[in-house]
Amino acid sequence: MAMSAGAIENLIKTAIPDARVTVEDLAGDGDHYAATVVSEQFRGMSRLKQHQMIYAALQGRMGGELHALALQTSAPE
Amino acid sequence: MSQSLVAERIQADITGNPVMLYMKGTAMFPQCGFSARVVQILSHLNVPFKTANVLEDPELRDGIKAFSNWPTVPQLYVKGEFVGGCDIITEMYQTGELSTLLAEQGIPHSVAA
């Protein structure tokens, strides 16, 4: 089962409205993605919590429907 | 094995092993690129670590995700604390934070050149 880059981006933006999201399909198979998410909400939050927030936004699809998502998160410079 | 027994086993493993890595495959034969990368980082830092192969044990594979509330493997634990998955470990390695954490926890390692 695969997910589109647009679907991933929408889920993240729905949960974190101010996020700037870039999703890249690494293998072209709809299964291996890299996402960069920049949001003011991440400020002062540990990386662990930032990634947890993205996983929560993906509503359980991570590790199942979505096999691999490399994550890079940060607060705006 | 019930879920609480799996959690007990995980708790015993992460308490008994200062650096514990849950991964796909073994340190010698990783079966996933993300797991392989974390093994490579720990090996590069000469950190003594123990691994558990979730592919050999479906209960552990589900159990570790529930334990940490983290949906993917690999998962690295240092002194019983969940540190993160592949992306976090990679970033911490690159910024030197991983060395700092290991030093703070009194875990022997060599500083990356």
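The values are calculated or read from the model by the stated rules, or taken from the named source; none is laboratory data. Source: prediction; values computed, not measured. Cβ coordinates were reconstructed from backbone atoms using ideal geometry, including for glycine residues, and neighbour counts include every protein chain displayed. Note: areas computed on protein heavy atoms with side chains; ligands, DNA, RNA excluded. Shrake-Rupley method; radii C 1.70, N 1.55, O 1.52, S 1.80 Å.
If a residue must be without any contact (Cβ under 8 Å) to a residue 24 or more places away in the chain and either within 12 Å of another protein chain (Cβ to nearest Cβ) or in contact with a Gly (Cβ under 9 Å, 6 or more places away or on another chain) (or both), how many such residues does the range B:90-100 contain?
Count: 5.
For the range B:65-84, enumerate the residues that are open to solvent by 40 Å² or more (accessible area, probe 1.4 Å) and either assigned to a loop (DSSP other than H, G, I, E, B) or touching a Lys or Arg at 6+ places or on another chain (Cβ under 8 Å) (or both).
Passing the criteria: B:ASN69, B:LYS79.
Output the residues belonging to the range A:13-66 that are surrounded by 17 or more Cβ atoms within 10 Å (Cβ to Cβ) and part of a loop (DSSP other than H, G, I, E, B).
Of everything in the range A:13-66, those that are surrounded by 17 or more Cβ atoms within 10 Å (Cβ to Cβ) and part of a loop (DSSP other than H, G, I, E, B) turn out to be A:ILE16, A:ALA19, A:SER39, A:LEU58, A:ARG61, A:GLY63.
Would you mention how many residues in the range B:12-31 are surrounded by fewer than 15 Cβ atoms within 10 Å (Cβ to Cβ), in contact (Cβ under 8 Å) with a residue 12 or more places away in the chain and closer than 23 Å to B:ILE107 by Cα?
Residues in the range B:12-31 being surrounded by fewer than 15 Cβ atoms within 10 Å (Cβ to Cβ), in contact (Cβ under 8 Å) with a residue 12 or more places away in the chain and closer than 23 Å to B:ILE107 by Cα: 1 in total.
Output the residues belonging to the range B:32-59 that are touching a residue at least 12 places away in the same chain (Cβ under 8 Å) and within 11 Å of another protein chain (Cβ to nearest Cβ).
Here is the first cut: in the range B:32-59, the residues touching a residue at least 12 places away in the same chain (Cβ under 8 Å) are B:32, B:34-35, B:37-39, B:41-55, B:59.
Hits for the range B:32-59 are B:CYS32, B:PHE34, B:ARG37.
Could you give me the residue pairs with C-beta distances under 9 Å whose first residue belongs to the range A:18-42 and is without any contact (Cβ under 8 Å) to a residue 12 or more places away in the chain, whose second residue is open to solvent by less than 70 Å² (accessible area, probe 1.4 Å) wherever it lies, and which are 6+ apart or on separate chains?
That search, which allows pairs on different chains as well, returns A:ALA27/A:TYR33; A:ALA27/A:ALA68.
In the set B:ASP87, B:ASP62, which member is within 14 Å of chain A (Cβ to nearest Cβ), surrounded by fewer than 19 Cβ atoms within 10 Å (Cβ to Cβ) and either aromatic (Phe, Trp, Tyr) or not in a loop (DSSP other than H, G, I, E, B) (or both)?
Details: B:ASP87 fails: surrounded by fewer than 19 Cβ atoms within 10 Å (Cβ to Cβ).
Within the list B:ASP87, B:ASP62, the selection yields B:ASP62.
Count, please, the residues in the range B:101-113 that happen to be hydrophobic (A, V, I, L, M, F, W, C), touching a residue at least 12 places away in the same chain (Cβ under 8 Å) and open to solvent by 70 Å² or more (accessible area, probe 1.4 Å).
Here the count works out to 1.
Conditions first: (1) touching a Phe, Trp or Tyr at 6+ places or on another chain (Cβ under 9 Å); (2) more than 11 Å from chain A (Cβ to nearest Cβ). B:PHE29 passes all but one, so which condition is the exception?
Failed condition: (1).
Do we find that B:LEU55 is closer than 22 Å to A:ARG47 by Cβ and of a type in the set (A, V, I, L, M, F, W, C) in this structure?
It is false that B:LEU55 is closer than 22 Å to A:ARG47 by Cβ and of a type in the set (A, V, I, L, M, F, W, C).
With respect to A:GLU24, is the statement that it is modelled with pLDDT under 95, within 14 Å of B:THR72 (Cα to Cα) and within 14 Å of chain B (Cβ to nearest Cβ) true?
no
Run A:MET3 past the list (1) open to solvent by 30 Å² or more (accessible area, probe 1.4 Å); (2) in a loop (DSSP other than H, G, I, E, B) and report the number of the one that doesn't hold.
If we test A:MET3 against (1) open to solvent by 30 Å² or more (accessible area, probe 1.4 Å); (2) in a loop (DSSP other than H, G, I, E, B), just (1) comes out false.
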